[in-house]
Amino acid sequence: MKIAIIGAGAIGGLVGAKLALAGEEVTFIVRGRNLEAIREHGIKLVTADGWEHTARDVHATDDYAQAGPQDLVILAMKAHQVEPVVAELPKLLGPDTAIVTMQNGIPYWYFQRHGGRHEGTRVSSVDPNGAIAAGIPAERVIGCVVYPASELVAPGVIRHVEGDRFPLGELDGSTTPRVQAIARCFENAGFKAPVLDNIRAEIWLKLWGNLTFNPISSLTHSTLEDICRYPLSRELAASMMREAQDVAHKLGISFRVPLEKRIAGAEKVGKHKTSMLQDVEAGREPEIDALVGSVVELARLTDTPTPHIDAVHGLVKLLARTMVDLRGHVRLVETERLAA
């Protein structure tokens, strides 16, 4: 399968490396140092058990036209990075090209091909101008939920932390030959890619943790294990999750995992820094609107009170604005290291 992956960060790099190692024709659409590194050395994957594998037979370019039409396009950037690439996407599309979205949080397409009373409602938090929905035909889109944790440790070098599940689903819940073919492609690369008839329910299950642990970790500079083992932050997370559950229930979503089990699952990941904490430490724009702002928006849409989510949302948005104003980052440094 001819596959273009837009972005070679932690997740795009992981997916692209494993697909290429499995024999797929992979092109990374990427810029800067990542582009140079992949062109020169290929993309290296360091597995969770320490093994290193390098996919050298990959293409890397920053020119969409040069890449040309693909069988599959994977959007592997963060939600706020999607709109800037929409105008270039047609250069990658043939008559039957599918687009898999790998953004965390509530996706821009949530109410497209939805069939409910909110059919066609725009999620302004992630598509403020409507440009994404207008530029990407809904019939091309396949939803995906990203469960693996990985890190971009150097240009062209990905470290896989844990996890291998990428559930997939058509927006209308149907099971089509194309989504089955993509699932087989992912499975051949070593991932688990079940085809679901309700991808939105799976999105909420993943978001249930992300909308809580990501902002709490970025505000407290604590890992998943720290948050879950400290009683006050654990209760805050649980309160936010209960509020999100209320919102989801009003949208017809049921959770297949109990709340305490979801928290226990996060604790089991251990001393892992969430993506939002990594962004705050690196001075990158954190992914707030898709993970938290979208839930606030849907809470207003469904007339659901979310006081804990609202408070944490306000705090993390202020942190992000302060970082932008000061052009800085925020990182805890051990006292002994400072003294040295």
Item to complete: Among the residues of region 1-53, write down those that are of a type in the set (D, E, K, R) and closer than 24 Å to residue 162 by Cβ.
Response: 18, 24, 44, 49, 52
Item to complete: Looking only at region 215-225, count how many residues are farther than 18 Å from residue 261 by Cβ and buried (at least 18 other Cβ atoms within 10 Å of the Cβ).
Response: 7
Worksheet, complete the sentence: Checked pairs for region 246-261, first farther than 22 Å from residue 234 by Cβ and in contact (Cβ under 8 Å) with a residue 12 or more places away in the chain, second of a type in the set (Gly, Ala, Ser) and part of a loop (DSSP other than H, G, I, E, B), C-beta under 7 Å and 6 or more apart or across chains, list as 252/116
Response to the item:
Restricting attention to region 176-191, the residues that are surrounded by 13 or more Cβ atoms within 10 Å (Cβ to Cβ) and touching a residue at least 12 places away in the same chain (Cβ under 8 Å) number exactly 11
Item to complete: Could you please let me know if residue 20 is crowded, with 18+ Cβ neighbours inside 10 Å and farther than 30 Å from residue 211 by Cα?
Response: yes
Fill in: Matching residues, region 68-91, being of a type outside the set (Val, Ile, Thr), modelled with pLDDT of 95 or more and touching a helix residue (DSSP H, G or I) at 6+ places or on another chain (Cβ under 6 Å)
70, 76, 83, 88, 91
Discussion item. Just to confirm my filter: which helices (runs of 4 or more DSSP H) fall fully inside region 1-114 and include at least 3 residues that are out of contact with any Leu (no Cβ under 7 Å at 6 or more places or on another chain) and over 28 Å from residue 198 (Cα atoms)?
Written reply: 32-41
Discussion item. Can you tell me which of (1) surrounded by fewer than 17 Cβ atoms within 10 Å (Cβ to Cβ); (2) touching a helix residue (DSSP H, G or I) at 6+ places or on another chain (Cβ under 7 Å) is the one residue 5 doesn't meet?
Written reply: (1)
Discussion item. Condition first: among the aliphatic types (A, V, I, L, M) and in a loop (DSSP other than H, G, I, E, B). Now tell me which residues in region 126-142 satisfy that.
Written reply: 126, 136
Discussion item. Can you tell me which condition residue 222 does not meet? The list is (1) in a loop (DSSP other than H, G, I, E, B); (2) closer than 16 Å to residue 305 by Cβ; (3) of a type in the set (Gly, Ala, Ser), and all the others hold.
Written reply: (2)
Worksheet, complete the sentence: Filter region 285-340 for residues that are within 22 Å of residue 222 (Cβ to Cβ), acidic (Asp, Glu) and in contact (Cβ under 8 Å) with a residue 12 or more places away in the chain; the one that is surrounded by the fewest Cβ atoms within 10 Å (Cβ to Cβ) is 285
Practice prompt. Among the residues of region 171-182, count how many are farther than 21 Å from residue 45 by Cβ and not in a loop (DSSP other than H, G, I, E, B).
Written response: 5
Item to complete: Answer with yes or no whether residue 235 is loosely packed, with under 14 Cβ neighbours inside 10 Å, at negative phi and either part of a helix (DSSP H, G or I) or without any contact (Cβ under 8 Å) to a residue 12 or more places away in the chain (or both).
Response: yes
Item to complete: Could you please find all residues in region 45-77 being surrounded by fewer than 21 Cβ atoms within 10 Å (Cβ to Cβ) and among the polar types (S, T, N, Q)?
Response: 47, 54, 61, 66
Discussion item. Only one of 315, 277, 332 is farther than 18 Å from residue 205 by Cβ, over 20 Å from the mean Cα position of the chain (by Cα) and either among the acidic types (Asp, Glu) or part of a helix (DSSP H, G or I) (or both). Can you tell me which?
Written reply: 315
Worksheet entry | Failed criterion for residue 249 (all others in (1) surrounded by 21 or more Cβ atoms within 10 Å (Cβ to Cβ); (2) within 24 Å of residue 103 (Cβ to Cβ); (3) not hydrophobic (A, V, I, L, M, F, W, C) hold) | (1)
Worksheet, complete the sentence: Considering residues that are at pLDDT 95 or above and closer than 21 Å to residue 99 by Cβ, the number found within region 131-163 is 16
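Does residue 297 satisfy being over 20 Å from the mean Cα position of the chain (by Cα) and either in the same structural domain as residue 104 (by TED's automatic domain parsing) or among the charged types (D, E, K, R) (or both)? Give the steps one after another, and end with the answer.
On the way: over 20 Å from the mean Cα position of the chain (by Cα): no; either in the same structural domain as residue 104 (by TED's automatic domain parsing) or among the charged types (D, E, K, R) (or both): yes.
Taking the combined requirement at face value, the residue does not satisfy it.
On the given criteria, is residue 243 at pLDDT 95 or above, among the acidic types (Asp, Glu) and assigned by TED's automatic domain parsing to the domain that holds residue 298? Talk me through it step by step, then tell me what you get.
Numbers: at pLDDT 95 or above: yes; among the acidic types (Asp, Glu): yes; assigned by TED's automatic domain parsing to the domain that holds residue 298: yes.
Criteria met by residue 243.
The values are calculated or read from the model by the stated rules, or taken from the named source; none is laboratory data. Values in this document were obtained by computation on a predicted structure and should not be read as measured data. Methodologically, a virtual Cβ is constructed for each residue, glycine included, from the backbone with ideal geometry; neighbour enumeration extends over all protein chains shown.
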